[in-house]
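What follows is a short report on a single structure.
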Amino acid sequence: MITEIISKIVSESLLSLYPSIVKNIDIPFDMKLLTRFVPYSLISFLFIDYKFIKENLFSKTGLLLSLTTMIHIYASYKGFEGLESGVAYTIFYTYPLMILLMAGEKISPMLLVPLIGVALLVYENIETKEHLENLDEKTNEKTNEKTNEKTNEKTNEKTNEKTNEKTNEKTEEKEDYTIISFSVFMVFTAAFTEALLYFIVRDLKTKNNWNHLFISYFLGAVLLLGSLFVNPNGISFNILLKSSFIVNMVIGLFGYFLSFYAMTRLEPSIYAPLSYVGIIMSHIYGGVFNGDIITWKKGLGSLLIIAPNVYMKLK
């Protein structure tokens with residue numbers, strides 16, 4: 001039991017780096033996916049049970065695992081791009097609650113509490129983004145004012161600037177809300193598919209968890225590599241692309257191996273609460289790599305998401 005618990009804690013510490021990785025490695029989106037699916041497939045191929053793979057790769061459960069993984073990775077990456085690391089990962093961590101519900105827990109009013117936490121986190125993310133944009137605008141305004149003081153067209157320029165600023169602000173606000181709304185939807189999709197993966201992996205019975213990894217990522221790797229052959233233009237194996245490959249091999253691959261190891265050995269009531277290590281680590285990583293600030297609203301929002309899971313575990 002201790003080994004399984006440690007595996008889950010270490011996996012969460014590794015995998016909670018992903019929001020920061022997605023935001024900070026500036027390569028095309030399809031390359032981000034490729035550098036995850038291909039290393040996972042190649043390395044897991046070295047350790048699989050070939051007979052098991054032959055029997056299960058194209059089975060109903062195997063195909064469901066592949067498809068769910070593809071949707072999960074796409075949705076999580078899209079969601080992580082548009083939100084702060086800690087906020088995105090905290091919303092993502094509604095999935096332990098989904099696991100408990102799928103495992104047969106009764107619906108209670110307590111289940112509405114995480115939605116309040118999500119709303120608070122989203123509001124804080126929008127407020128933080130607007131605050132940073134306003135600071136940038138004020139800095140630009142001061143620079144422009146100092147330059148315009150030396151000209152005779154100051155009045156006309158100020159009038160035009162204010163009109164343009166109001167129009168641009170409204171457009172930017174709409175774009176921000178659209179991006180954040182889409183990102184939240186994507187993170188919820190990632191959370192739902194993560195919960196599904198827990199049950200699919202448990203249904204695909206094998207003690208060799210490299211089998212789970214290979215089946216999860218092989219078809220996605222084939223599709224992405226196929227798309228490269230169709231449209232190979234613009235691919236450059238620069239330092240960022242190589243870094244993404246290395247990060248996925250070292251952090252992601254072993255993080256998911258340990259996660260699958262824990263999935264197949266821990267009951268939902270133990271596995272789900274241990275997932276909250278990821279929330280703490282994602283906020284820490286967001287502060288270190290992105291300069292994200294942990295405010296009381298983010299803390300309260302995170303607590304409102306975690307509390308119902310603890311309640312359902314202890315009741």
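The values are calculated or read from the model by the stated rules, or taken from the named source; none is laboratory data. Bear in mind the structure is a predicted one, so any value in this text is a computation, not a measurement. Because the Cβ atoms are built from the backbone with ideal geometry, glycine has one as well, and the counts that use them run over all protein chains shown.
If you check V10 against the conditions, is it within 28 Å of T94 (Cα to Cα) and in contact with an Asp or Glu (Cβ under 9 Å, 6 or more places away or on another chain)? It would help to see each step written out before you state the result.
Details: within 28 Å of T94 (Cα to Cα): yes; in contact with an Asp or Glu (Cβ under 9 Å, 6 or more places away or on another chain): no.
The answer is no for V10.
Summed over region 249-266, residues that are in a helix (DSSP H, G or I) and at pLDDT 80 or above total 11.
Conditions (1) modelled with pLDDT of 85 or more; (2) surrounded by fewer than 18 Cβ atoms within 10 Å (Cβ to Cβ), marked per residue:
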site	(1), (2)
I9	yes, yes
L14	yes, no
Y18	no, no
I21	no, no
N24	no, yes
K32	yes, no
T35	yes, no
S41	yes, no
D49	yes, yes
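Among the listed residues G220, G226, which satisfies the condition of being farther than 30 Å from R265 by Cβ and either more than 18 Å from the chain's Cα centre (by Cα) or at pLDDT 90 or above (or both)?
On the way: G220 fails: farther than 30 Å from R265 by Cβ.
Step by step, each of G220, G226 is checked, and only G226 is farther than 30 Å from R265 by Cβ and either more than 18 Å from the chain's Cα centre (by Cα) or at pLDDT 90 or above (or both).
Might you let me know whether region 247-262 holds any residue that is surrounded by fewer than 18 Cβ atoms within 10 Å (Cβ to Cβ) and over 19 Å from H72 (Cα atoms)?
Looking only at region 247-262, we keep the residues that are surrounded by fewer than 18 Cβ atoms within 10 Å (Cβ to Cβ), and these are 249-251, 254.
Checking the rest, the ones that are also over 19 Å from H72 (Cα atoms) come to 250.
Yes, some residue in region 247-262 is surrounded by fewer than 18 Cβ atoms within 10 Å (Cβ to Cβ) and over 19 Å from H72 (Cα atoms).
Give me the helices (runs of 4 or more DSSP H) completely within region 52-117, filtered to those with at least 2 residues that are hydroxyl-bearing (S, T, Y) and at pLDDT 80 or above, ordered by residue number.
On the way: elements: 60-82, 85-92, 95-102.
Ranges flagged: 60-82.
Say we look at region 272-295 and pick out the residues that are part of a helix (DSSP H, G or I) and aromatic (F, W, Y); which of these is farthest from K8 (Cα to Cα)?
At the first step, the residues of region 272-295 found to be part of a helix (DSSP H, G or I) are 272-274, 277-290.
From what is left, the residues that are aromatic (F, W, Y) are 285, 289.
On the way: Y285: 18, F289: 23 Å.
The extreme case among them is F289.
Pairing each residue of region 297-315 that is over 19 Å from G86 (Cα atoms) with any residue that is at pLDDT below 75 and of a type in the set (D, E, K, R), provided the two are 6+ apart or on different chains, yields C-beta distances under 9 Å for M312/E105.
Given the structure, is M31 over 16 Å from T189 (Cβ atoms), touching a Pro at 6+ places or on another chain (Cβ under 6 Å), in contact (Cβ under 8 Å) with a residue 60 or more places away in the chain and part of a helix (DSSP H, G or I)? Against the criterion (over 16 Å from T189 (Cβ atoms), touching a Pro at 6+ places or on another chain (Cβ under 6 Å), in contact (Cβ under 8 Å) with a residue 60 or more places away in the chain and part of a helix (DSSP H, G or I)), M31 does not qualify. The combined condition, being assigned to a helix (DSSP H, G or I) and either surrounded by fewer than 22 Cβ atoms within 10 Å (Cβ to Cβ) or modelled with pLDDT of 80 or more (or both), is fulfilled by S269. Among the criteria (1) buried (at least 18 other Cβ atoms within 10 Å of the Cβ); (2) assigned to a helix (DSSP H, G or I); (3) at pLDDT 80 or above, the one K298 does not fulfil is (3).
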